[in-house]
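To keep things clear, I will list the structure first and then write my remarks on it.
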Amino acid sequence: MALLTSLSLVHTLGMRSGHDGDKMAGIAARPGVTGCPILTETLTYLEARVVATLGGQELTIFLADVVSGGRLPDGAPLTFDLLREHLPKEWFAEWASSRERQIDDARRRRGLT
């Protein structure tokens with residue numbers, strides 16, 4: 001997978017909440033076994049059915065049964081080190097702001113604030 005495609009997916013999916021709009025708009029995908037979107041520009045995917053959740057203050061942990069998975073195109077994975085090395089500097093502040101808003105929203109929804 002091209003580095004720019006990987007960075008674009010990180011920015012689109014990781015820098016904002018799904019509560020702010022359709023995060024999947026414009027992302028190439030096909031329906032999976034369960035009907036969830038499988039991103040076609042990723043190296044691998046894992047599809048699962050959620051069987052239980054555990055609330056942990058501002059996060060939710062999901063227990064799931066894997067129903068499908070696979071490898072798509074060949075390429076090198078985007079590691080955290082590679083991401084940190086190539087992530088545009090202005091995205092760091094955007095990520096921090098988005099993360100803070102999402103944590104605050106999750107805590108508010110759980111009645112923790």
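Which of Lys89, Lys23 comes first, and how do the rest follow, when ranked by fewest Cβ neighbours within 10 Å? Kindly include the intermediate steps, with their values, before the conclusion.
Working: Lys89 6, Lys23 15.
In order of increasing Cβ crowding within 10 Å: Lys89, Lys23.
For Arg49 and Ala25, what is the calculated FRET efficiency with R₀ set at 35 Å and r taken between the beta-carbons, to the nearest 0.05? Present the calculation step by step, with values, prior to reporting the outcome.
Values: r = 25 Å, r/R0 = 0.71.
That pair, Arg49 with Ala25, gives E of 0.90.
Can you tally the net charge around Thr113? Count Lys and Arg as +1, Asp and Glu as -1, for every other residue whose Cβ sits under 14 Å from the Cβ of Thr113.
Details: positive: Arg101, Arg107, Arg108, Arg109, Arg110; negative: Glu58, Glu100, Asp104, Asp105.
In short, +1.
Net charge around Leu39, counting only other residues with Cβ within less than 15 Å of its Cβ (Lys, Arg = +1; Asp, Glu = -1)?
Values: positive: Lys23, Arg30, Arg71; negative: Asp22, Glu41, Glu47.
Cβ neighbours under 15 Å give a net charge of 0.
Net charge near Ile103, counting Lys/Arg +1 and Asp/Glu -1 over other residues with Cβ under 13 Å of its Cβ?
+2
Which of these values of Rg and Dmax of the Cα atoms in Å was calculated from the structure shown: [x] 15.9, 50; [y] 15.8, 45; [z] 33.7, 104?
[y]
Find the centroid of the Cα atoms in segment 69-113 and in segment 1-44, then give the distance between the two in whole Å.
Answer, in whole Å: 13.
None of the figures in this text is laboratory data; all of them are computed from the coordinates on show. Not measured: the values here are computed from a predicted model. As a convention, Cβ positions derive from the backbone with ideal geometry for all residues, glycine included, and neighbour counts pool all protein chains shown.
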